[in-house]
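The values are calculated or read from the model by the stated rules, or taken from the named source; none is laboratory data. Model, not experiment: these values are computed from the prediction. Note: ideal-geometry Cβ built from the backbone for every residue, glycine included; neighbour counts use all protein chains shown.
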Amino acid sequence: MMKREDLLKLGLAAAVVLPACGDDGSTTAVTATNVTGATEATTSPGTTDTPTSTADTPTTSVGTTDGTGSASASEGTTDTSTTNATSSTTDASSTTSTDTTGPISGTTTTTTGETDTTAGPCVCNPGDLNGCEGDQILVCSDDCQGFEPQPCPDNGETCENGACGSKLCNPGQVVCEGFDVEKTCNANGDGYDPPVQCSASQQCDFGGCTELCDLVQSSPSSVGCSFLGHKMDNFNDGQADSLIVGNTHPTKTAQVQLYFVPNGTNVEQPQGAAINLAPGMTYTFQMSNAALDKKSELRKGGIYRVNSNIPIIAYLHSPLGSQATNDASMLLPEYALRQNYIVASWKDTHNAYPSYFNVIALQDGTTVKWTPPQNTLAGAGVPAVGAGATGQVTMNRFDTLQVRGPQAGSDVSGTYIEADKPIWVVGAVECVNVPTNQVTFCDHIEEQMLPLDYWGKTYVGAHSPDRGNEKHYWRVFAGEDATTVTTDPAQPGTPFTLNKGQYKDIVVANNTSFMFSGDKPFLPVQYLESQDGGAGTGDPAMYQMIPVEQFLDRYAFATGTGYTADYVQVIRQKGGADVKVDGATVGNYYTVGDYEVSDWKIGQGGHLAESEQPFGIVSVGYTGVTSYAYPGGMRLKIINPQ
């Protein structure tokens, strides 16, 4: 309860001692009626301060407190302040009393002339406190007729348990204590209940323990909890494709489950038990279901999905082990997939190994449309579509669409794909020579396409790790009409302007790197030259470049197996923070514009790259007549909304 001197600061204390309820036996009874004229009273020191007034036949009895005394009004002396009254008004404010002890009860009448006005009985002492109403305190009013809510006197104070005070916290509020513990404010707001440990799949953020699989979506990237894949149409079809997962979390172990959706169904089935994946480690799942071989088809099911209890990263190797035809792709998590894509591929240089694209639906009732720059072939459930026309199918979750180009010289590059719901899209060629079949050998190429939403305007055009005297091949796609792309230093055929879906091929000399810039979003894709073009090893592979705006600061990734040379190409800002791969500091950088590039040789297997600042990586591997290449991950900020 607040003290009276505190309430005086608020102007809430009574200036007059009024009769009060709660008589305990030591009382003063005061009666006044028919007050007329002026009456003066004499005050003697040393006695109780009690108001009196002169009436026709009054008698005042005063209990003894701090002295004794009794007197009739006509006799003249009592312990009082001075009360002045006139024939027209009795001035209540002129009656003053202080330091009277003990409860007081009675009836007071204020008169004007011969009229009597009687106030109701007091129910409280002015200034007394009587609990809380919401955040305000209840204070007895000056007329003693009841309690009124008043704000607490100091900023930040609220009323709790009948008194004003500052809360330590809001009751029920949840806060974090580090990354793994939350605590809840108690009912009184004056402290916290005992801390509670977050679960193994949670982190304390945004005011409490939150599932990491939900939290990762607040800052989208290629790290997620659910990824899709299927076996690609590859010239050499003997090996299973691999779906590789990596745990990028620094301390938590991931529990990862592989599912398969059998052909002809839309129901996934777990494949074995979930595996435990320690921080920084990778694991390889096999995908052996038959590919859609050299044809267009709409198939129910036939795909794989991995699901993790905490965010991971995933890649598709077709296949993992080295053979005459390989490639690999970074996979994007389900939550980050979008609705608009432009396909990257290459011309079928043998008129036998088609250029094609795949689509997997994430939701039932998804309408998918495609507009190719050349004819695409019909197949089971798939219409034939002429160049510049638009084909359409309806798909359910886990349905797979494959659309291939014509029999001769097919190249679905530049095909615009759109859907009314998010979809998964890959561009590929079964086997291709780069640049032509005059340069041996052919190799399988593939990439899960980046949605247009994530395309940028600035890229580091770092050439692939050196193999020999090979040239470097680029295909640059425009995301909007009238997109102008420049290079620095300027390369042959640049600058150029393209419309949406159009592309420009650039060929540059061995070991040539440069910066790409555009006035609108675009996407450069690099193609490795066939082995006999001057490289002496390796063969074609295709990989998209990552906009500098989309770099991350931590990647877990895996090489293929059976390659004679594996690299992680590291791209950081010039003079930026050290990048470490498996704890070793990366060196031997060369400069490209405002960035630095290192082709860092690594061993076979899983790896962890990390830094205090964002950087980019590309994973590349070479051996005789085959290669793989894929970006190691990316942030997925929408910088080109569709």
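Kindly provide the set of residues from the range 461-495 that are small (Gly, Ala, Ser) and either more than 24 Å from ILE638 (Cβ to Cβ) or modelled with pLDDT under 95 (or both), ordered by number.
Step one: of the range 461-495, the residues small (Gly, Ala, Ser) are 461-462, 464, 468, 478-479, 482, 490, 493.
Across the range 461-495, the qualifying residues are ALA462, SER464, GLY468, ALA490, GLY493.
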Notebook entry, point to check: Taking into account only those residues within the range 465-509 that are within 20 Å of TYR454 (Cα to Cα) and aliphatic (A, V, I, L, M), which is nearest to the chain's Cα centre (by Cα)?
Noted result: ALA478
Margin query: If I ask for residues that are in contact with a Gly (Cβ under 8 Å, 6 or more places away or on another chain), crowded, with 21+ Cβ neighbours inside 10 Å and either hydroxyl-bearing (Ser, Thr, Tyr) or without any contact (Cβ under 8 Å) to a residue 12 or more places away in the chain (or both), which ones from the range 433-485 would you list?
Written below: THR483
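Would you mind finding the one in ALA565, ALA609 that is within 25 Å of LEU337 (Cα to Cα) and aliphatic (A, V, I, L, M)? Reasoning before the result, please.
On the way: ALA565 fails: within 25 Å of LEU337 (Cα to Cα).
Just a single option satisfies the conditions, and that option is ALA609.
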Next item on the list: For residues that are surrounded by fewer than 24 Cβ atoms within 10 Å (Cβ to Cβ), part of a strand (DSSP E or B) and of a type in the set (A, V, I, L, M), tally how many sit in the range 521-540.
Entry: 1
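Mind listing whichever residues of the range 364-381 are under 39 Å from the mean Cα position of the chain (by Cα) and either over 23 Å from GLN502 (Cβ atoms) or not in a strand (DSSP E or B) (or both)? So that I can check it myself, show each step before the final result.
If we filter the range 364-381 for residues that are under 39 Å from the mean Cα position of the chain (by Cα), which is where we start, we get 364-373.
Within the range 364-381, ASP364, GLY365, THR366, THR367, PRO372, PRO373 qualify.
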Next item on the list: Return the only residue of PHE557, PHE522 being out of contact with any helix residue (DSSP H, G or I) (no Cβ under 6 Å at 6 or more places or on another chain), modelled with pLDDT of 95 or more and aromatic (Phe, Trp, Tyr).
Entry: PHE522
Next item on the list: Output the residue which, of all residues in the range 148-200 that are touching a Ser or Thr at 6+ places or on another chain (Cβ under 9 Å), modelled with pLDDT of 90 or more and of a type in the set (Val, Ile, Thr), is nearest to THR253 (Cα to Cα).
Entry: VAL196
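Please find, within the range 284-313, the residue that is farthest from the chain's Cα centre (by Cα) out of those that are farther than 24 Å from ALA361 by Cβ and at pLDDT 95 or above. Write out each step before concluding.
Looking only at the range 284-313, we keep the residues that are farther than 24 Å from ALA361 by Cβ, and these are 284, 309-310.
Pick out the ones that are also at pLDDT 95 or above and you get 309-310.
Values: ASN309: 17, ILE310: 15 Å.
The extreme case among them is ASN309.
ILE342: touching a helix residue (DSSP H, G or I) at 6+ places or on another chain (Cβ under 7 Å) and surrounded by 21 or more Cβ atoms within 10 Å (Cβ to Cβ), yes or no?
Yes, satisfied.
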Note to self: Looking for something part of a loop (DSSP other than H, G, I, E, B) and more than 27 Å from TYR454 (Cβ to Cβ) - is there at least one such residue anywhere in the range 544-557?
What the structure shows: no
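Of the residues SER329, SER288, which single one is touching a strand residue (DSSP E or B) at 6+ places or on another chain (Cβ under 9 Å), small (Gly, Ala, Ser) and either over 24 Å from ASN234 (Cα atoms) or touching a residue at least 60 places away in the same chain (Cβ under 8 Å) (or both)? If you could, list the steps in order and put the result at the bottom.
Numbers: SER288 fails: either over 24 Å from ASN234 (Cα atoms) or touching a residue at least 60 places away in the same chain (Cβ under 8 Å) (or both).
Exactly one residue qualifies, and that residue is SER329.
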Next item on the list: Determine whether the range 238-251 contains at least one residue that is assigned to a strand (DSSP E or B), surrounded by fewer than 16 Cβ atoms within 10 Å (Cβ to Cβ) and either modelled with pLDDT of 95 or more or of a type in the set (A, V, I, L, M, F, W, C) (or both).
Entry: no
Checklist line | Breaking point among (1) in contact (Cβ under 8 Å) with a residue 60 or more places away in the chain; (2) surrounded by fewer than 16 Cβ atoms within 10 Å (Cβ to Cβ); (3) under 18 Å from VAL403 (Cα atoms), for ASP233 | finding: (2)
Notebook entry, point to check: Only one residue in ALA629, ALA609, ALA577 is aliphatic (A, V, I, L, M), at pLDDT 95 or above and assigned to a strand (DSSP E or B), so which one is that?
Noted result: ALA609
Notebook entry, point to check: Restricting attention to the range 141-173, and to residues there that are of a type in the set (A, V, I, L, M, F, W, C) and surrounded by 17 or more Cβ atoms within 10 Å (Cβ to Cβ), which single residue is farthest from CYS122 (Cα to Cα)?
Noted result: CYS169
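From ILE445, ILE423, ILE360, which residue is under 25 Å from THR483 (Cβ atoms) and within 33 Å of the chain's Cα centre (by Cα)? Explain how you work it out, then say what you get.
On the way: ILE445 fails: within 33 Å of the chain's Cα centre (by Cα); ILE360 fails: under 25 Å from THR483 (Cβ atoms).
From the options ILE445, ILE423, ILE360, the qualifying one is ILE423.
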Next item on the list: State yes or no: is LEU138 at pLDDT below 90 and either of a type in the set (A, V, I, L, M) or surrounded by 15 or more Cβ atoms within 10 Å (Cβ to Cβ) (or both)?
Entry: no
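Here is a yes/no grid of residues against (1) of a type in the set (Asp, Glu); (2) at pLDDT below 95:
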{"position": "ALA328", "(1), (2)": "no, yes"}
{"position": "GLU334", "(1), (2)": "yes, no"}
{"position": "HIS350", "(1), (2)": "no, yes"}
{"position": "LEU362", "(1), (2)": "no, no"}
{"position": "THR367", "(1), (2)": "no, no"}
{"position": "GLN374", "(1), (2)": "no, no"}
{"position": "VAL382", "(1), (2)": "no, no"}
Next item on the list: Read through the list (1) farther than 28 Å from VAL625 by Cα; (2) surrounded by fewer than 18 Cβ atoms within 10 Å (Cβ to Cβ), then give the number of the only condition that ASN351 fails.
Entry: (1)
Notebook entry, point to check: From the set of residues in the range 174-187 that are in a loop (DSSP other than H, G, I, E, B), on the phi < 0 side of the Ramachandran plot and surrounded by fewer than 17 Cβ atoms within 10 Å (Cβ to Cβ), which is farthest from the chain's Cα centre (by Cα)?
Noted result: ALA187
